[in-house]
Amino acid sequence: MNGGWLSDVLSAADSAPALERALSDALGAPVRLGDLIAVRRGAELFAANVQGQDAVVKRFLGPDGPATVTRAAREYDRLHPAMGQGPHRVVACLLSAPGQSCLILQHAPGRPVSSALEEAQSDQARAAVLDRCGRWLSAYVGPTRSTDRFGPGFWIDRTRKMQGASELTDEDLRLTGALLDAMATRAPDLRDAPVTRGAIHGDFKPSNLHLDADGAIWGFDIQATTRMPLARDVARFVSSWRRDPGIAVDPFPWPAVDALAREVLEPGEIASILRFFLAEQFAARLCAVTADGAESARLRAAVAAFLGAV
């Protein structure tokens with residue numbers, strides 16, 4: 001277990017009573033914090049109850065917390081009129097408290113998409129879930145979608161710098177090198193190619209989506225409204241999903257990837273720019289994962305399967 005992570009968890013748990021009081025005072029309504037859900041990426045997430053409604057409190061850490069809360073609340077409010085009902089939904093921002101660096105979000109009903117994918121009984125059932133996730137992302141992007149020209153060199157340089165700054169095992173150094181080679185091989189054909197951009201989710205992955213009993217997909221943990229190639233958000237989802245426990249990593253599931261991507265990307269991007277970003281995202285995950293453990297072993301197996309299929 002990572003000692004820094006444990007220290008963060010204990011610190012979050014110790015601060016919960018004071019945070020509960022501060023939020024209740026600031027909002028003029030009782031806020032009850034429950035279990036600590038996660039500590040990740042500069043934020044703490046708590047289960048909560050606000051005025052009798054199940055909720056999630058997300059506290060952003062660091063000096064930019066208040067500004068991040070304001071931006072995130074604005075994004076949830078922008079999305080909710082179009083995605084507050086129907087098959088493609090986002091949770092509501094119930095309250096924001098910039099002074100406490102906190103958002104209070106509606107609790108997403110249903111179960112994580114990661115569980116639905118793991119428990120799917122057939123390739124067809126899994127593809128149906130992935131198709132819904134792709135349709136959710138397409139609805140999220142909405143009118144921000146545009147077509148620009150692609151510059152692969154930026155992403156290759158960025159990945160190479162990340163590799164150089166990471167403490168990698170010999171095996172991970174070999175794998176990230178092979179992924180960089182795959183990116184470089186595709187780069188000449190991708191330079192100035194049409195690429196679809198839009199306001200991305202920022203952390204689009206199975207654990208940040210829920211599937212409810214009516215078949216609706218709920219999105220949450222939405223990041224800032226950064227405009228990037230949509231293929232990168234799709235690749236982020238795939239690289240996260242492929243390391244989940246219970247998922248067979250070999251052979252690489254191109255039909256499943258197509259089911260996710262076809263509602264988001266142009267057909268030519270799926271066979272070209274998406275594969276480039278799959279290499280980029282797998283390299284990023286290798287640079288971030290701990291050297292040992294089941295998760296890193298699954299990730300390496302997924303990377304090997306991907307490299308064998310491109």
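Details
- Evaluation of Thr147 against (1) out of contact with any Leu (no Cβ under 6 Å at 6 or more places or on another chain); (2) in a helix (DSSP H, G or I) (one fails), failing number: (2)
Quick grid of which residues meet (1) part of a helix (DSSP H, G or I); (2) under 21 Å from Phe306 (Cβ atoms); (3) in contact (Cβ under 8 Å) with a residue 12 or more places away in the chain; (4) among the hydrophobic types (A, V, I, L, M, F, W, C):
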position: Asp192; (1), (2), (3), (4): no, no, yes, no
position: His201; (1), (2), (3), (4): no, no, yes, no
position: Arg243; (1), (2), (3), (4): no, yes, yes, no
position: Val257; (1), (2), (3), (4): yes, yes, yes, yes
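- Within region 270-287, being surrounded by fewer than 23 Cβ atoms within 10 Å (Cβ to Cβ) and touching a residue at least 60 places away in the same chain (Cβ under 8 Å) holds for Ser272, Arg275, Ala284, Cys287.
Residues checked against (1) surrounded by 13 or more Cβ atoms within 10 Å (Cβ to Cβ); (2) under 30 Å from Pro87 (Cα atoms); (3) over 19 Å from the mean Cα position of the chain (by Cα):
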residue	(1), (2), (3)
Ala139	yes, yes, no
Ile156	yes, no, yes
Lys161	no, no, yes
Thr169	yes, no, yes
Arg186	yes, no, yes
Arg191	no, no, yes
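- Meets criteria (crowded, with 22+ Cβ neighbours inside 10 Å and in a helix (DSSP H, G or I)) for Leu179: yes
- A single member of Gln100, Gln106, Gln85 is without any contact (Cβ under 8 Å) to a residue 24 or more places away in the chain and over 30 Å from Phe252 (Cα atoms), and it is Gln85.
- Qualifying residue in region 54-68 (condition: modelled with pLDDT of 90 or more, of a type in the set (A, V, I, L, M, F, W, C) and assigned to a helix (DSSP H, G or I)): yes
- Test: Met183 is farther than 16 Å from Ala261 by Cα, in contact with an Asp or Glu (Cβ under 7 Å, 6 or more places away or on another chain), at pLDDT 95 or above and not hydroxyl-bearing (Ser, Thr, Tyr): yes
- Among the residues of region 194-212, the ones that are out of contact with any Ser or Thr (no Cβ under 7 Å at 6 or more places or on another chain), modelled with pLDDT of 95 or more and surrounded by fewer than 20 Cβ atoms within 10 Å (Cβ to Cβ) come to 1 in all.
The values are calculated or read from the model by the stated rules, or taken from the named source; none is laboratory data. Everything quoted here is computed from the prediction, not taken from an experiment. No Cβ is skipped: glycine too gets one built from the backbone with ideal geometry, and neighbour counts run over all protein chains shown.
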